[in-house]
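The values are calculated or read from the model by the stated rules, or taken from the named source; none is laboratory data. Keep in mind that this is a model prediction, so the values were computed, not measured. FYI the Cβ positions are ideal-geometry reconstructions off the backbone, even for glycines, and counts take in every protein chain you see. Areas reflect the complete protein model, heavy atoms only, side chains present, ligands, DNA and RNA absent. Shrake-Rupley method; radii C 1.70, N 1.55, O 1.52, S 1.80 Å.
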Amino acid sequence: MADEATRRAVSQIPLLKTHAGPRDRALWPQRLKEEYQALIRFVEQNKAADNDWFRLESNADGTRWTGTCWFIHELLRYEFRLEFDLPVTYPDTAPEVAVPELDGKTAKMYRGGKICLTEHFAPLWARNAPRFGLAHLMALGLGPWLAVEIPDLISKGLVVHKERPREAAAE
Amino acid sequence: MATVEELKLRVRELENELIKCKQKQCAVEDAHSQALNRPKIDKMSAEVVDSNPYSRLMALKRMGIVDDYEKIRTFTVAVVGVGGVGSVTAEMLTRCGIGKLLLFDYDKVELANMNRLFFQPHQAGLSKVEAAEHTLRNINPDVLFETHNYNITTMENFTHFMDRISHGGLEEGKPVDLILSCVDNFEARMAINTACNELGQIWMESGVSENAVSGHIQLIIPGETACFACAPPLVVAANIDEKTLKREGVCAASLPTTMGVVAGLLVQNVLKYLLKFGTVSYYLGYNAMQDFFPSMAMKANPQCNDRHCRRQQEEYKKKEAEQPKVEVVQEEEEVVHEDNEWGIELVSEVTDEELKAASGVVPDLPEGITVAYTIPTEDTTGGDTVEETEQSLEDLMAQMRKL
């Protein structure tokens, strides 16, 4: 499962209280507020720990989420766009996070750039549904995935720093 | 050396040329297939002649297997997911002369799909439902097709999906007779489960494991048999040591054989269910490593998370109570062998009592079937929850943007 640092970060994210998905007209606005509260707290905690690594925002009804995530490798910052739709079965099932610009570059991805999570993730989500929210998805899903995949993609030359391609080519 | 701009231009030129070639090829193929296509057939004939596409199917009646084979033309089946299992399933139903097929898939055909059956390399880039309809219509023009190229799990599409399965029958406005889940992910299965529990729609679930060596089919009658949310996902144990299973650098493996077997088991169950012959399986597993086929039945879980599942269970209970008890006395002829010097006797693996008992949070499952994971009955772990807030959603959204 996740490493010690991830576990500590996750334990600090507040759990959500409202069991409602986007089809639940009455309760969804409350759940959406809780999602934002947990996300804001998580980002603030990351900033305080000097480990700020993503931003996320949604459309008005909270069904489509877009944002960016970044990864620091050898003092260089690599940034990627991320996106996902909330499935109608959320929060009983987790959304499939996509990093479209990495599509086709790694086998740990399904078509459309959806990241392929470890076999531990689905049971972990199921055991904690509906109290886990999108902040938990970032911490336990996308975070560990980036930590494993990005250094590997950089070492293979499949991900190149935006300001360094010229230098790299000149070497 | 050419500049980047020149190369870009050249790429665009070649792309345009490719599109023209593809269009030309399609036009030729269409003209060709129109010349080859047989006319539609109004009524299935049992006549045994080379030109009758239904003669071998209608022979099932003469042999006493099926009472009324023509009835197949009155049924509508929705296939969700037209991949390795779904495409073969759709082809089998098309060849059997099903009345109407609804196909749902958001994906495109890729060359990486060519280790599976049905799709062909020249179809790469086409949407799966479009490519499938084209091929299937050529195989049997008597079948009606309705295709939807979208992901059923998103809000808007899900509403449309619910509408089509409740109104997309052969006679517009009537529900479909059966939904077949041939998808490859948990979200989509749960979405189908949600829709079917709400509508009281009978469906069959199918799946192949990510290591490609096991699979299963399952009949779900809302309120009566366990729905997909009644228990953690069931898996057919392949008896592979987890330590020897390498997952590095790959997400999923697939074999045309396992997918073909599962599609075959699925459609066999569909035919038995629709045409009323043989015994319909509630759950049938396939372990390819040992060639073992565990089977069982599982009742709906009264504590199921899905409230529509619980509502369907109430309705089912009421219906059962209203029905007069009919004692079914099955007379079984005892098979007596002249001699049995080795003392061979048949022993049932699971009794009905054991099957009935197999419901609950951690289901009691027969050998060879297990759950992917278990879920604690009550959350005991505490932990901080989000506080009450005076802030509106708009405030929170703005705050998040400002961070």
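Data for the structure
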{"item": "Given (1) more than 8 Å from chain B (Cβ to nearest Cβ); (2) part of a helix (DSSP H, G or I); (3) touching a residue at least 60 places away in the same chain (Cβ under 8 Å), index of the condition A:CYS69 fails", "result": "(2)"}
{"item": "Some residue of segment B:144-167 being more than 10 Å from every other protein chain (Cβ to nearest Cβ), touching a His at 6+ places or on another chain (Cβ under 6 Å) and of a type in the set (Gly, Ala, Ser)", "result": "no"}
{"item": "Qualifying residue in segment B:69-82 (condition: of a type outside the set (Phe, Trp, Tyr), touching a helix residue (DSSP H, G or I) at 6+ places or on another chain (Cβ under 8 Å), over 22 Å from B:LEU275 (Cβ atoms) and free of Cβ contacts under 8 Å to residues at least 60 places away in the same chain)", "result": "no"}
{"item": "Residue ID - least open to solvent (accessible area, probe 1.4 Å), chosen from residues in segment B:46-69 that are part of a helix (DSSP H, G or I) and either among the basic types (Lys, Arg) or touching a Gly at 6+ places or on another chain (Cβ under 7 Å) (or both)", "result": "B:LEU57"}
{"item": "Filter pass, A:GLU83 being within 30 Å of B:ASP306 (Cβ to Cβ), more than 7 Å from chain B (Cβ to nearest Cβ), in contact (Cβ under 8 Å) with a residue 40 or more places away in the chain and under 14 Å from the mean Cα position of the chain (by Cα)", "result": "no"}
{"item": "A:THR118 being within 14 Å of chain B (Cβ to nearest Cβ), open to solvent by less than 20 Å² (accessible area, probe 1.4 Å) and either part of a loop (DSSP other than H, G, I, E, B) or closer than 30 Å to B:ALA124 by Cα (or both)", "result": "no"}
{"item": "Members of segment B:19-45 that are open to solvent by 70 Å² or more (accessible area, probe 1.4 Å) and in contact with an Asp or Glu (Cβ under 8 Å, 6 or more places away or on another chain)", "result": "B:LYS40, B:LYS43"}
{"item": "Sole exception among (1) surrounded by 21 or more Cβ atoms within 10 Å (Cβ to Cβ); (2) assigned to a helix (DSSP H, G or I) for A:LEU56, by number", "result": "(2)"}
{"item": "Residue in segment B:203-221 that is closer than 25 Å to B:ASN113 by Cα, free of Cβ contacts under 8 Å to residues at least 40 places away in the same chain and open to solvent by less than 20 Å² (accessible area, probe 1.4 Å) present", "result": "yes"}
{"item": "Residue match in segment A:127-148 (condition: in contact (Cβ under 8 Å) with a residue 60 or more places away in the chain, more than 10 Å from every other protein chain (Cβ to nearest Cβ) and open to solvent by 30 Å² or more (accessible area, probe 1.4 Å))", "result": "yes"}
{"item": "Residue check for A:GLU163: acidic (Asp, Glu) and more than 8 Å from chain B (Cβ to nearest Cβ)", "result": "yes"}
{"item": "Selection status of A:LEU75, open to solvent by 40 Å² or more (accessible area, probe 1.4 Å), more than 8 Å from chain B (Cβ to nearest Cβ) and under 15 Å from B:GLU187 (Cα atoms)", "result": "no"}
{"item": "Every residue from segment A:7-37 that is under 21 Å from the mean Cα position of the chain (by Cα), in contact (Cβ under 8 Å) with a residue 12 or more places away in the chain, over 17 Å from A:ALA94 (Cα atoms) and more than 7 Å from chain B (Cβ to nearest Cβ)", "result": "A:ALA9, A:GLN12"}
{"item": "Selected residue (only one of A:THR93, A:THR89, A:THR106 is surrounded by 19 or more Cβ atoms within 10 Å (Cβ to Cβ), in contact with a Ser or Thr (Cβ under 7 Å, 6 or more places away or on another chain) and part of a loop (DSSP other than H, G, I, E, B))", "result": "A:THR89"}
{"item": "Output for segment B:175-208, where each listed residue is part of a loop (DSSP other than H, G, I, E, B) and either within 11 Å of chain A (Cβ to nearest Cβ) or out of contact with any Ser or Thr (no Cβ under 8 Å at 6 or more places or on another chain) (or both)", "result": "B:VAL183, B:ASP184, B:ASN185, B:GLY200, B:ILE202"}
{"item": "Condition met for A:PHE84 (of a type in the set (Phe, Trp, Tyr) and farther than 19 Å from B:ASN185 by Cβ)", "result": "no"}
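Rundown of residues vs (1) free of Cβ contacts under 8 Å to residues at least 24 places away in the same chain; (2) in contact with a helix residue (DSSP H, G or I) (Cβ under 7 Å, 6 or more places away or on another chain); (3) surrounded by fewer than 17 Cβ atoms within 10 Å (Cβ to Cβ); (4) not basic (Lys, Arg), yes/no style:
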position: B:PHE119; (1), (2), (3), (4): no, yes, no, yes
position: B:ALA124; (1), (2), (3), (4): yes, yes, yes, yes
position: B:VAL129; (1), (2), (3), (4): no, no, no, yes
position: B:ILE139; (1), (2), (3), (4): no, yes, yes, yes
